[in-house]
Amino acid sequence: MSVTIAKPNFFGFLFLLCVGVPYLVNFELTFAVWSLTALLSLNTRYSLTILQFAACFGAILGVAMVVMFFHDYKGYYIFRDITYMLKPIIGLLLGYQLCARMYPKGFQIIAYTGVVIAALHLIVIVQAVLFLHAGNMNEIRLRAGFFSDFEVYALIILLFHQKFELGFSKKKLRFFTILVGVSSFMYLARTNFIQFAILLLAMKGILKINKTSLTVIVTLLAFTIVGYTAIVYTNPKRNGPGIEGLLYKIKIAPREAFKTKIDSDDWKDFNDNYRSYENISTVKQVTKKGNLGIAFGEGIGSQIDLKKEVWLGDMYLRYISILHNGFMTVFLKAGLLGIIIYLYSIFLVFKQKKSNIPIVKNINLLLIGTGVFLIFSSWVFMGMYNLLDNKSILLGFLICYKEIRNKQEISSAE
């Protein structure tokens, strides 16, 4: 076996490992695997683009570190926050480095990785239903996972296989698409459904503002309003069987992350709108620090006091270091300055140079969709700071693939 074949296979395995390890819901393990793989795949050169992205998150961390010295936080919480806020930086560089090692097989490896994760997810679902007697949506998601942004990306790449030059046979393509599609749907995650819609519209060029795209967007909004009205009218019940549980989550979605008044003594109101409760608590706590607190946050090691113990994941917690809302997490650590930097990082995702190279054009469309999704994801699900997510790896990968392809075209034209 030649070296040129062995290297992509080895680094393809590392890619699968890095993408897959967050699904084990162990941040310490994820951080260790990502850090080790980043060291194993170090590049000698990095582009200004990827360094700009990494610098944005480095700047947020830097602001939070400076503010930390004006407070007296425990060492454990400081170290933990540093690892949390390093995650997107490591992920960006990791995706960039691995893509450089895997090129030109990168998109094929993304597809194969998505298939492996989807197959394992469906196996866990079958096990949960047959052996653990999971009988409703909430129980299945508790056992098999709550979301998978990566699988949605893999599904989009499979659906637009020609645009990403996968080169799979029709039989393999059909099987992979069905497998990843079914697995993605079975997460029953509202964020993943929205993500799929955004990326699909992006790949169709509809997110580029023109007369046609505006017509399509207005039509989709009309259908969405009608569909939501129908769901509200059917009045799905909380913890209902099967799809009813998902419909209930959709019914409460518009107010879940935006509600401004919550009765913490009403368990139903508190649980249904917990994300808003976190946001309200963060704004109240940070604004009490005055203008300096609002501008620069409370620094690394800071926590939000929820005023009561809340069951989060696998334990009861009253004090939390990170929130569901990525913007609020940054606001807590680095204030409005941090949010401005974070928004600038999302702006960089949108800011793509036009190209006549087909695959680069399509990567640009995927990046535009990613930028739109990051705004939404950051509000409801921590965005780039999600501890169980791997979008930063994909973003680094897409940037690198574009750059390599552009360089190849320049070289061939000379």
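The lone criterion from (1) modelled with pLDDT of 95 or more; (2) outside any helix (DSSP H, G or I) left unmet by L179 is number (2).
Output yes when any residue across region 302-318 is among the basic types (K, R) and in a helix (DSSP H, G or I), and no when none is. The answer is no; no qualifying residue exists.
Among the residues of region 319-368, those identified as part of a helix (DSSP H, G or I), in contact with a Lys or Arg (Cβ under 7 Å, 6 or more places away or on another chain) and of a type in the set (A, V, I, L, M, F, W, C) are I359, V360, I363.
Within region 304-359, restricting attention to residues that are among the polar types (S, T, N, Q) and open to solvent by less than 10 Å² (accessible area, probe 1.4 Å), the residue that is farthest from L92 (Cα to Cα) is S321. All of K391, K402 fail the test of being buried (at least 19 other Cβ atoms within 10 Å of the Cβ), charged (D, E, K, R) and more than 27 Å from I82 (Cβ to Cβ), apart from K402. Taken over region 41-70, the criterion of being of a type outside the set (A, V, I, L, M), under 24 Å from G12 (Cβ atoms) and open to solvent by 40 Å² or more (accessible area, probe 1.4 Å) is satisfied by T44, R45, Y46, T49. Of the residues making up region 275-284, those that are in contact with a Leu (Cβ under 9 Å, 6 or more places away or on another chain) and either in contact (Cβ under 8 Å) with a residue 40 or more places away in the chain or surrounded by fewer than 16 Cβ atoms within 10 Å (Cβ to Cβ) (or both) are R275, E278, N279, T282.
Evaluation of V33 against the conditions (1) within 30 Å of L292 (Cα to Cα); (2) β-branched (V, I, T); (3) open to solvent by less than 70 Å² (accessible area, probe 1.4 Å) shows that the sole unmet condition is (1). Checking each residue in region 194-205 for being open to solvent by 30 Å² or more (accessible area, probe 1.4 Å) and of a type outside the set (D, E, K, R) picks out I194, F196, A197, L200, L201. Of the residues making up region 121-158, those that are closer than 24 Å to C18 by Cα, open to solvent by 10 Å² or more (accessible area, probe 1.4 Å), aliphatic (A, V, I, L, M) and in contact (Cβ under 8 Å) with a residue 40 or more places away in the chain are L122, I125, A144, L155. Would a scan of region 19-27 turn up a residue that is exposed (fewer than 15 other Cβ atoms within 10 Å of the Cβ) and touching a residue at least 24 places away in the same chain (Cβ under 8 Å)? For region 19-27, residues exposed (fewer than 15 other Cβ atoms within 10 Å of the Cβ) and touching a residue at least 24 places away in the same chain (Cβ under 8 Å): present.
The values are calculated or read from the model by the stated rules, or taken from the named source; none is laboratory data. These numbers were taken from a predicted model, which means no experiment stands behind them. A quick note on method: Cβ atoms are made from the backbone with ideal geometry, for glycine too, and the neighbour counts reach across all protein chains shown. The area values use the complete protein model at the heavy-atom level, side chains included, leaving out ligands, DNA and RNA. Shrake-Rupley method; radii C 1.70, N 1.55, O 1.52, S 1.80 Å.
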